1. How many residues are closer than 17 Å to Met19 by Cα and under 13 Å from the mean Cα position of the chain (by Cα) if we restrict to the stretch 68-90?
2. Run Ala112 past the list (1) under 16 Å from Ile5 (Cβ atoms); (2) at pLDDT below 85; (3) among the aliphatic types (A, V, I, L, M) and report the number of the one that doesn't hold.
3. Would you point out the residue of the stretch 11-34, among those that are closer than 21 Å to Gly90 by Cα and among the β-branched types (Val, Ile, Thr), that is farthest from the chain's Cα centre (by Cα)?
4. Filter the stretch 39-67 down to residues that are among the small types (Gly, Ala, Ser) and within 14 Å of the chain's Cα centre (by Cα) and give me whichever is nearest to Ser28 (Cα to Cα).
5. Restricting the stretch 36-67 to residues that are over 19 Å from Phe83 (Cβ atoms) and touching a helix residue (DSSP H, G or I) at 6+ places or on another chain (Cβ under 9 Å), which is surrounded by the most Cβ atoms within 10 Å (Cβ to Cβ)?
6. Determine whether Ile64 is touching a strand residue (DSSP E or B) at 6+ places or on another chain (Cβ under 7 Å) and modelled with pLDDT of 95 or more.
7. Write out, first by first residue and then by second, each pair whose Cβ atoms fall under 6 Å of each other, whose residues are 6+ apart or on separate chains, and whose first residue, in the stretch 72-90, is surrounded by 11 or more Cβ atoms within 10 Å (Cβ to Cβ) while the second is among the acidic types (Asp, Glu).
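The values are calculated or read from the model by the stated rules, or taken from the named source; none is laboratory data. What you see is a predicted model, and the numbers here were worked out from it, not measured in a lab. Heads up, the Cβs are rebuilt from the backbone with ideal geometry, glycines too, and the neighbour counts pull from every protein chain shown.
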Amino acid sequence: MSEKIVTVTEAAAFQIKDMMKENEEEGSFLRVAVKGGGCSGLSYGMGFEQEVNGDDLQDEQHGIGILIKKEDAPILNGVKIDFKQSLMGGGFTIDNPNAIASCGCGSSFRTATAVGTPEEC
């Protein structure tokens, strides 16, 4: 990817590397994806993958290889993945400038061009 579609902060990268180590996934890629579902129609997916598919865009940030399907790129363009620590624990946050609606849980969204498949909360 010549320009970054998804930005992974240093804090998120540190947490992802920790999770890779715990799950014996060192050397794997981080796949960032969009799938149908959630109360607003779309939800995010993140996971580890060994193989690059023919329709994947590739990037590397903070020593982590990132994979995104070409079809997900327009929806994920400009997304920032961060990791926030608080007294209640920690978690990944995903900031998507393309989202025009999201649900209270924060894990479901829709964009002006992609409504997905909304479900009951």
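1. Within the stretch 68-90, the subset closer than 17 Å to Met19 by Cα is 81-85, 89-90.
From the residues that got through so far, the ones that are under 13 Å from the mean Cα position of the chain (by Cα) too are 81-83.
So the count comes out to 3.
2. (1)
3. Checked the stretch 11-34; the qualifying residue farthest from the chain's Cα centre (by Cα) is Ile16.
4. We begin by selecting, within the stretch 39-67, every residue among the small types (Gly, Ala, Ser); these are 40-41, 43, 45, 47, 54, 63, 65.
From what's left, within 14 Å of the chain's Cα centre (by Cα): 43, 45, 47, 65.
Details: Ser43: 22, Gly45: 16, Gly47: 10, Gly65: 7 Å.
Residue satisfying both the conditions and the ranking: Gly65.
5. Residue satisfying both the conditions and the ranking: Leu42.
6. Values: touching a strand residue (DSSP E or B) at 6+ places or on another chain (Cβ under 7 Å): yes; modelled with pLDDT of 95 or more: yes.
When the stated conditions are applied, Ile64 passes them.
7. Lys80/Asp95
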